[in-house]
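K.L.:
Structure provided below as structure tokens; questions to follow.
The values are calculated or read from the model by the stated rules, or taken from the named source; none is laboratory data. Remember, it's a predicted structure, so these values are computed and weren't measured experimentally. Counting neighbours? That spans all protein chains shown, and the Cβs are built from the backbone with ideal geometry, glycine included. Heavy atoms of the whole protein, side chains included, go into the accessibility calculation; ligands, DNA and RNA do not. Shrake-Rupley method; radii C 1.70, N 1.55, O 1.52, S 1.80 Å.
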Amino acid sequence: MKMEKSNSTVMKRSKFTEAQIVRILQSYDNGRDTESICREQGISKHTFYNWRRKYVGMDALQLKELKALQEENAGLDVCRPEP
């Protein structure tokens, strides 16, 4: 039986919430080494450094504000008429 490829691209969902990611990064800022964090969380170093680049310096409040702005922008994109 042959499987057909779908043309739609679906991104894989993270098993970590953004709040959990920020907590993991805060443990790094508190002095834990990357190796132990990655081993404990079951993630690669590459994933860790991608998270670090994306969420650098954020705390929980800033993360909530970012999420609210993203949701607001998504709503505005829906309302915008096409040219």
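K.L.:
Suppose we filter region 22-42 for residues that are free of Cβ contacts under 8 Å to residues at least 12 places away in the same chain and open to solvent by less than 60 Å² (accessible area, probe 1.4 Å); how many remain?
P.N.:
Count: 4.
K.L.:
With (1) open to solvent by 90 Å² or more (accessible area, probe 1.4 Å); (2) touching a Ser or Thr at 6+ places or on another chain (Cβ under 9 Å) as the list, and Lys54 as the residue in question, which single condition is left unmet?
P.N.:
(2)
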